[in-house]
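What follows is a set of notes on a single structure, which appears directly below.
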Amino acid sequence: MKSAGRAHLSVVTLAALILGGLAAFGFFNYVRAPKLTPELRGYELAEHMGCHACHGPRGTGGIPNPGAADGDVPAWDGGMAMMYVKNEHEIREWILDGRPWRLAMRDSIEARHAPDPFPKPGDSDTGLKPLPTVKLPLRMPAYRGLLSERDLDDLVAYYKAVAVYPDIPEHVRPGYRTAREMGCFGCHGPGGLVGTRNPRSFKGYVPPWRGDDFNELVRDDAELRAWILDGSIPRLNQNRAARWFTSRQPVKMPAYRGVLADSSVIDVMRYIRWLSVPKTPES
């Protein structure tokens, strides 16, 4: 009788240990999971929807498109946004309908009322004839019906990060320029908003300068300055578990002490602090 009771107790103890271990493992994975920002979700969605196939990796390349105005599918960076997009509403129209209403109406009017380039005998010189339609091999697809409202918001946020749209306020522009010149956007992504993969790191990626993961790594201006100047912070260096991850990750934060002037460090910090505050339509 006592033997059966001990066996039952052992089974219960083993089950409790297994459940506790699974719970701990699940919690550990939950803590390690990246806390995705809208820009990061937009990046993953753009990859999933095939946007990078035509607009290039991270929207910064583009591919040839014979007959197009510039001979290719435009990239999102380098000022191209301002040539095709007048406001944020048009970004959404490009995504949903493949063309903003403004351009669709303009092309329709021009096609109906442009002078015939090849008038026939008897036609008036001012006669209005349809223009020949140039059919581009590659046309922007329409994603209406395939995206939720949050999906659309995330894609717009990602596009704006790559396109640097709208303009960055003048008081943080020096920090943006310094960060770009120092190569910060190579790891932290366009504008510092996207990040990049980093195997063996705690979160598995280099975090952007906005969101919960950034806030966990940078608690105040002193830590932000230490990250920039020394590539690390005392709080993590003194933690054995944190050191285990940071020592194994292949992509490590560089140290800019002796490289950046103090004024440049302040500029970069000002830009990062502006960036890390969630934006509203009015801000």
Taking the range 170-242, which trypsin sites (Lys or Arg not before Pro) meet the DSSP loop condition and have no more than 16 other C-beta atoms within 10 Å?
ARG200, ARG219
How would you rank ILE228, ILE233, ILE63, going from fewest to most other Cβ atoms within 10 Å of each one's own Cβ?
ILE63, ILE233, ILE228
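So how strong a dipole does the range 189-283 carry about its Cα centre when Lys and Arg Cβ are +1 and Asp and Glu Cβ are -1, to the nearest 20 debye?
About 480 debye.
How many Å³ per residue does the convex hull of the Cα positions in the range 168-283 occupy? Don't skip to the end; give the middle numbers.
On the way: hull volume 11.9 nm³, N = 116.
Roughly 103 Å³ of hull volume per residue.
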Charge dipole of the range 168-283 built from unit charges on the beta carbon (Lys, Arg +1; Asp, Glu -1), centred at mean Cα; most positive-end Cα among TRP274, ASN198, TRP227 is ASN198
Using modelled backbone amide H atoms (1.01 Å from N, in-plane), which distant-in-sequence or interchain residues come within less than 5 Å of TYR205's amide H?
ASN198
Dividing the mean separation of Cα pairs under 8 Å (6+ apart) by the residue count of the range 168-283 yields a relative contact order in percent of 33
In whole Å, what are the Cα extents of the range 147-215 along the three principal axes, biggest one first?
33, 33, 19
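FYI, it's all coordinate maths here, none of it is from the lab. These numbers come from a predicted model, not from an experiment. Because the Cβ atoms are built from the backbone with ideal geometry, glycine has one as well, and the counts that use them run over all protein chains shown.
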